[in-house]
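K.L.:
Starting off with a structure, shown below.
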Amino acid sequence: MVAFKNDKHMHDALIHNLEGMLYCCLYDQDWTMVFVSNGCKELTGYAPEDLLHNQYISYEAVTFAEDRVMVRDTIQNALTEGNRYEVEYRINHADGSVIWVLERGNPIYNNAGMVIALEGYIQNIAKRKGIEQSLLAAELKYRSIFENTLEGIFQTTADGHYLIVNQSLAHMYGYSSPDELIHAFNSIQEQLYVKPGRREEFVQLLKENESVEKFESLVYRKDKSTIWISENARVVNDESGNILYYEGTVENITARKNYEEKLEYQAMHDSLTGLPNRNMLNDRLQLCINFANRYKNKMAVAFLDLDQFKLINDSMGHEVGDQLLVIMAKRLSSAVREIDTVVRLGGDEFVIVLTNIDDTNDIFMSMQRILEAVAVPLTINNMDYLVTCSIGVSIYPDDGLDANLLLRNADTAMYKAKKAGRNNFQIYTQALNAALTERVTLEYNLRQAIELEEFILHYQPKVDFATGKVCGAEALIRWQPEGQDLISPLKFINIAEETGLIETIGEWVLATACYKAKALQQKTGLHVPIAVNVSPRQFRQSNLANTIKKILAVTQLDPSYLELEITENTLIDDSSKFIETLHSLKKLGVKLAIDDFGTGYSSLAYLKDFPIDRLKIDKVFVSSIEEDPTNKAILKAIVVLGQSLGIEVIAEGVETQYQYDYLKSIGCDQLQGYYYSKPLPEQQFEQFLLTQPNSPTPQ
Ligand SMILES: Nc1nc2c(ncn2[C@@H]2O[C@@H]3COP(=O)(O)O[C@H]4[C@@H](O)[C@H](n5cnc6c(=O)[nH]c(N)nc65)O[C@@H]4COP(=O)(O)O[C@H]3[C@H]2O)c(=O)[nH]1
């Protein structure tokens, strides 16, 4: 190390080796320098002696002309406030260039406290200024991009608050300014995305990959309208890897999405009818197959061909043909449920996919509805047409495990339908087809039977345990087709119920039974109450009470001799309408009994609310008491229940002495069954009553 002789030397060396310029100047118009360090040459290009006492040039002149006022004002202000000053400005270098300097200094006061001089330090900051200026230029450039780009730009916190957004994003989302948008959002997750959970997916992707690309979502705008957006985003972390924020861009892709949707729709739909076309069929079939597998039920594929279409199209022209197809498409769509699909394959061929089928009967009913809908007469250009169709049906999984096979088999079945005379449907499965044929035939014959009055009633006596006398009879329907055996009600009541024919048949039973009861009274003097079964569908008829009232009026039967047997399951319907019907029937004066008691699913609560006169214990409990002692307990419980509610109890299906004895022993009120008599034809029943010692007492 060089040893300095004294402090003065060290001081001078330091001052003159400094990179900038140390100075002392007078506080005058020229900033007259009274001291400058050697750094002056480097800084200004002038030798120290050129500046000292303004010998060659004053420092005011060295100062860049446009900055002079600012420099003076800044120094002046600082001095007024008694502060040190600091100012950045430009100077004219002796070589003609202009350079940026930073000057820091403080005043020197005289004894009177007046500023007489300044001392300080001026350094070249050209390098820093250059950097600052290029930063500023870059900032301006990027700000311009941020503010003027068409894409939305955002920074958000990880928990879903906006930190920064640009004007484009604000506009895109329907806000007038970025500030309005930022303040309107409390939670991006809840307010932006239409699909719940979309923000979580976005965050998840960011967490996994640090960035997301082309993340497409439907989002809400301020006015709750929706747009499609595509987002690119990335995670910004601090040096320790903690998430600072997410940032990214947003593009409004609504126009593209709409266009894509339109194209997709066109590709998947028939342009004439608007129905899904062949392209969509396979997808739909696969979906429905998956659904059937999942819910362990069935689905059906119906291949439908219009019977007379070609003829109409060729003779009346394509325009009429087209109109007809449009009408048929609408009819088919309204004949099926919303979850089913109607597809136009081309020409006059349609495929209907029925899904979620638990009962094959539903398929029959749907097909029937479709046949009927198609066959309604129509008018095009003032001409009337009657068009029918032939339908072939295949059922999954019975008729094929894949879409192609199901379609092929439905097609085959459709040809069978054409051969079978059109305007019908055929099921591919032989066994089902046979069942269907039987059902359709039965329904047809049942309708005929009503026309031809082929029904008769048998009467089964009921006996009172206490008196041992006949205390009533149940009217039971039979079907007697001409020249054939009697048909049991078990074979046709269900179909009559499903098709609604029960309403006509039931009314006939009621009228005939009432007529018979009255006739018996008049002919024999015996007053036998007659019980009639009323099916659930009959019961739901709005005018049942009125119908019965009229029948009683016409037959002149005292209402107390008519008893209506309602199955327990009918009572499950506890709607106000139903209860109203029960009460209006009761008001008429007829008796009400619950049939097949013990087999239904109803709650016992109704027993106290409904005006019931009799419980009829189902024969399943009676028939097996010998083998199954628990049924004895059930019988006993029902009898006790009846007694405690003041309702009479009758047991049906009593066949043996053992059953008779047991029922009597537990206090059952009445019995009905083969033990005493089978249901008898009208004449025999009359004979039976007259010849039995226990006949009801003539009145
Ligand atoms: N094994 C056995 N069976 C006995 C005995 N005693 C009577 N039965 C039979 O049990 C059935 C009693 O009628 P249900 O429970 O109302 O059951 C009836 C009823 O639900 C329905 N039904 C009959 N006639 C009508 C009607 O006019 N209208 C409605 N809606 N349904 C009816 O058809 C069902 C069957 O009627 P049916 O074949 O006449 O059968 C009758 C009767 O013949 C016996 O000791 N042992």
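The values are calculated or read from the model by the stated rules, or taken from the named source; none is laboratory data. These numbers come from a predicted model, not from an experiment. As a convention, Cβ positions derive from the backbone with ideal geometry for all residues, glycine included, and neighbour counts pool all protein chains shown.
K.L.:
Name the residue, out of TYR662, TYR674, that is crowded, with 17+ Cβ neighbours inside 10 Å, within 15 Å of the ligand (Cβ to nearest atom), aromatic (Phe, Trp, Tyr) and modelled with pLDDT of 90 or more.
P.N.:
Going through TYR662, TYR674 in turn, the sole match is TYR662.
K.L.:
Here's another thing I want to ask about it. Keeping to segment 549-590, report how many residues are at positive phi and crowded, with 18+ Cβ neighbours inside 10 Å.
P.N.:
Here is the first cut: in segment 549-590, the ones at positive phi are 556, 589.
Applying the additional criterion that residues be crowded, with 18+ Cβ neighbours inside 10 Å yields none.
Going through segment 549-590 one residue at a time, the tally reaches 0.
K.L.:
Next question, about the same structure. Can you name every residue in segment 147-171 that is touching a Gly at 6+ places or on another chain (Cβ under 7 Å) and part of a helix (DSSP H, G or I)?
P.N.:
Result: SER168, LEU169.
K.L.:
Can I ask one more? Of (1) modelled with pLDDT of 90 or more; (2) surrounded by 16 or more Cβ atoms within 10 Å (Cβ to Cβ); (3) not assigned by TED's automatic domain parsing to the domain that holds ILE456, PRO696 satisfies all except one. Which?
P.N.:
Tallying (1) modelled with pLDDT of 90 or more; (2) surrounded by 16 or more Cβ atoms within 10 Å (Cβ to Cβ); (3) not assigned by TED's automatic domain parsing to the domain that holds ILE456, PRO696 fails exactly one: (1).
K.L.:
Go through segment 455-495 residue by residue and tally those that are closer than 21 Å to VAL534 by Cα and either of a type in the set (Ser, Thr, Tyr) or away from the ligand (no atom under 14 Å from the Cβ) (or both).
P.N.:
The number of residues fulfilling the criteria is 3.
K.L.:
Related question: When segment 398-436 is examined, which residues are found to be touching an Asp or Glu at 6+ places or on another chain (Cβ under 6 Å) and farther than 17 Å from VAL343 by Cβ?
P.N.:
Listed by number, the residues that qualify are ARG422, TYR428, THR429.
Residues checked against (1) assigned by TED's automatic domain parsing to the domain that holds VAL165; (2) among the polar types (S, T, N, Q):
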{"residue": "GLN191", "(1), (2)": "yes, yes"}
{"residue": "LYS195", "(1), (2)": "yes, no"}
{"residue": "SER211", "(1), (2)": "yes, yes"}
{"residue": "VAL219", "(1), (2)": "yes, no"}
{"residue": "LYS224", "(1), (2)": "yes, no"}
{"residue": "ILE227", "(1), (2)": "yes, no"}
{"residue": "ASP238", "(1), (2)": "yes, no"}
{"residue": "GLU251", "(1), (2)": "yes, no"}
{"residue": "MET280", "(1), (2)": "no, no"}
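K.L.:
Go through segment 460-489 and count every residue that is within 21 Å of LYS591 (Cα to Cα) and in a strand (DSSP E or B).
P.N.:
Residues in segment 460-489 being within 21 Å of LYS591 (Cα to Cα) and in a strand (DSSP E or B): 13 in total.
K.L.:
Additional query: Assuming LEU457 fulfils every condition listed in (1) under 22 Å from ALA375 (Cα atoms); (2) in a strand (DSSP E or B) apart from one, which condition is it?
P.N.:
(1)
K.L.:
Let me spell it out: the conditions are (1) at pLDDT 95 or above; (2) more than 9 Å from the ligand (Cβ to nearest atom); (3) outside any helix (DSSP H, G or I), and LYS518 meets all of them except one. Which number is the exception?
P.N.:
(3) is the only condition that LYS518 fails.
K.L.:
A further question on this structure: Could you tell me which residue of segment 529-548 is surrounded by the fewest Cβ atoms within 10 Å (Cβ to Cβ), considering only residues that are assigned to a loop (DSSP other than H, G, I, E, B) and modelled with pLDDT under 95?
P.N.:
Once the filter is applied, the top-ranked residue is SER542.
K.L.:
Assess whether PHE303 counts as being part of a strand (DSSP E or B) and of a type outside the set (D, E, K, R).
P.N.:
yes
K.L.:
Only one of LEU476, LEU446, LEU436, LEU457 is out of contact with any strand residue (DSSP E or B) (no Cβ under 7 Å at 6 or more places or on another chain) and touching a residue at least 24 places away in the same chain (Cβ under 8 Å). Can you tell me which?
P.N.:
Details: LEU476 fails: out of contact with any strand residue (DSSP E or B) (no Cβ under 7 Å at 6 or more places or on another chain); LEU436 fails: out of contact with any strand residue (DSSP E or B) (no Cβ under 7 Å at 6 or more places or on another chain); LEU457 fails: out of contact with any strand residue (DSSP E or B) (no Cβ under 7 Å at 6 or more places or on another chain).
After ruling out the rest, the residue left standing is LEU446.
K.L.:
State which residue is surrounded by the fewest Cβ atoms within 10 Å (Cβ to Cβ) when the search covers only segment 427-483 and only residues that are over 21 Å from SER390 (Cβ atoms) and of a type in the set (Val, Ile, Thr).
P.N.:
Checked segment 427-483; the qualifying residue surrounded by the fewest Cβ atoms within 10 Å (Cβ to Cβ) is THR467.
K.L.:
Residues that are under 30 Å from TYR675 (Cα atoms), within 16 Å of the ligand (Cβ to nearest atom) and at pLDDT 90 or above: does segment 440-447 have at least one?
P.N.:
Step one: of segment 440-447, the residues under 30 Å from TYR675 (Cα atoms) are none.
Taking every residue of segment 440-447 in turn, none turns out to be under 30 Å from TYR675 (Cα atoms), within 16 Å of the ligand (Cβ to nearest atom) and at pLDDT 90 or above.
K.L.:
Restricting to segment 313-344, and then to whatever is of a type in the set (A, V, I, L, M, F, W, C) and in a loop (DSSP other than H, G, I, E, B), can you tell me which residue is nearest to GLY392 (Cα to Cα)?
P.N.:
Result: VAL336.
K.L.:
Here is a follow-up. Identify the single condition in (1) over 29 Å from MET10 (Cα atoms); (2) at pLDDT 95 or above that THR44 does not satisfy, given that it satisfies every other one.
P.N.:
Only one criterion is unmet by THR44, namely (1).
K.L.:
Out of everything in segment 345-403 that is without any contact (Cβ under 8 Å) to a residue 12 or more places away in the chain and part of a strand (DSSP E or B), what residue ends up being farthest from GLY421 (Cα to Cα)?
P.N.:
Among them, the one singled out is THR379.
K.L.:
Which number in (1) within 16 Å of the ligand (Cβ to nearest atom); (2) surrounded by 16 or more Cβ atoms within 10 Å (Cβ to Cβ) marks the one condition that GLN684 misses?
P.N.:
For GLN684, the exception is condition (2).
K.L.:
Going through segment 500-512 one residue at a time, which ones are buried (at least 17 other Cβ atoms within 10 Å of the Cβ), assigned to a helix (DSSP H, G or I) and more than 8 Å from the ligand (Cβ to nearest atom)?
P.N.:
The answer is GLU503, GLU507, LEU510, ALA511, THR512.
K.L.:
Here is a follow-up. Condition test on PHE492, is it surrounded by 14 or more Cβ atoms within 10 Å (Cβ to Cβ), at pLDDT below 90, in a helix (DSSP H, G or I) and among the aromatic types (Phe, Trp, Tyr)?
P.N.:
Numbers: surrounded by 14 or more Cβ atoms within 10 Å (Cβ to Cβ): yes; at pLDDT below 90: no; in a helix (DSSP H, G or I): yes; among the aromatic types (Phe, Trp, Tyr): yes.
No, not satisfied.
K.L.:
Follow-up question, since we're still on this one. With the requirement that a residue be closer than 16 Å to LEU102 by Cβ and in a strand (DSSP E or B), what does segment 68-92 give you?
P.N.:
Those that are closer than 16 Å to LEU102 by Cβ and in a strand (DSSP E or B): TYR85, GLU86, VAL87, GLU88, TYR89, ARG90, ILE91.
K.L.:
Consider only pairs whose beta carbons are under 8 Å apart and that are at least six residues apart or on different chains; among these, list those whose first residue lies in segment 622-648 and is within 16 Å of the ligand (Cβ to nearest atom) and whose second residue is part of a helix (DSSP H, G or I) and among the charged types (D, E, K, R).
P.N.:
Short answer, once both residue conditions are applied: ILE625/LYS632.
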